[in-house]
């Protein structure tokens, strides 16, 4: 199996759901939907909920419920794709659409991830400001410190990451539950909000905002990958059970997200609408008035804590989605810390520039702009997804039924229309006030290109016979025959050693692949501070001890009548191993799975992967 082929390969099928008791089996499936649900309660949703509640009381609660049902259907389709086909949405797109279209879809997906992260950055910065009084510019700057949080969580496995996210979601939920208890809404009045009604055009616009901000495109990529962290039985019973339990997982998690959004709207309606403050749309205004109107100092603190927790949980899942998109579309893997840093900088730079140049007052507009960017991408995630789960050729008996298909396309039509309307309204508003012909022309051409791409995304899978037969994991055979199947003979085998317990396995595997004529080249890279600076001229204690250790290994091999030489390298492990292998003309390399631990692994990446990409001889990785 190709290492890059599996979605989230570090945790792919890492949780076994088979051969367990009923309750353990049930619990083993719970988790992915909770990571997805945080996207439905991120800071980008708060503004529309606050505006709806403060201006129209409980009347728009039904819009939240309807958007939640839409989200539940779409997320269940995403999970179905991952469970049945073993593909995430990015991988399925790569297999279906032509390279040019795929690259455009990839770029749009990356823009959506950056826009999502921008909302999280601003939300966390506002939360920090409300809680501590720290200026927004400092709050935004501090958010870069959570760059490595995902990396720490990944080291402990997917279950620990899920537990962390669920804890943050619980903090958000408990905070708003407590605030509702303080606010004491009249439940008989709250229930009337579930009766569909649109008071006026302004309410319609807010309703569009609520629906448009609900379904996040990156969540569809994310869910199709996260369900693959579960190892299931690949028979009919196992797949059906996985589909059922993941649907239950999604239902519970998204209903919790609905509760949070409904709590924000109900709180705004109870506290602001009833007191006549119908002008509340900014998060900062809501926080400021909570204490005055409720008479409680706890309420605004809980509000800020919930905002920070929502932002932090969303930023972790956004990073995961970015990894899935890059690997799925481009088959490109980069060090997770670098991926995280790039994503965060793409969010922090525009946020800092806006605050420094335009002031804190423009942060709300930037938050809205991030939601507009997300809206642009939504159609390009939903439309391919419905095509994929409707295709009986790849889904077999698990393709969605006609009724589900009709409901999915209707929801897609509504969401795409609402998002197009919001985007084009914003574009028209800008054009009428800009007075800049070049900018107007760029916006108009971009709009035309946007519509053309949308049409291609819809029509291409239907009318074209193009199908990329090569899947992400199975490549077309290039062999006409297997030939004589003679065992290859290696005469210069390089061994990369890190002087750990793993060395014994490395040496054993190297000798097993050699013969009586083989020469073994033992390589160790000195990484002391002196060695990094002076290189071969280094003569510090660590260099001498490493040479002694290398000599002891050579003595053990020579005692078995094996030809062996030892070479010390200096500074960067991967580069030194590659250099020595090439200079010594080795025809085979044996090395451990990694050469670093802790912070060094974040900085340099995995040595083994860097080596194998820079040599043209076979590399055996001993785990």
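Since every read-out is calculated from the coordinates, none of them should be taken as a lab result. Values in this document were obtained by computation on a predicted structure and should not be read as measured data. In this analysis, Cβ positions are derived from the backbone assuming ideal geometry, glycine residues included, and neighbour counts consider all displayed protein chains.
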Taking 409-419, 57-67 and ranking on average Cβ neighbours within 10 Å, highest first, one gets 57-67, 409-419
Residue 613 and residue 201 label points (each 7 Å along its Cα→Cβ direction) are spaced in nm at 5.4 nm
Expressed in angstrom and rounded, the centroid-to-centroid distance over alpha carbons for region 25-55 and region 283-333 is 10 Å
If the chain between residue 585 and residue 187 were fully extended at 0.36 nm per residue, the gain over the current Cα-Cα distance would be 135.4 nm
Output ordering of 613-619, 581-587 (per-residue mean of other Cβ within 10 Å, highest first) is 581-587, 613-619
For residue 451 and residue 288, extending 7 Å from Cα along the Cα-Cβ vector and measuring point to point gives, in nm, a value of 4.2 nm
Expected sort for 322-332, 217-227 on mean C-beta neighbours within 10 Å, highest first, is 217-227, 322-332
All alpha-carbon distances of region 15-463, grouped into 10 Å bins from 0, give the whole-percent distribution 4, 21, 32, 27, 13, 2, 0
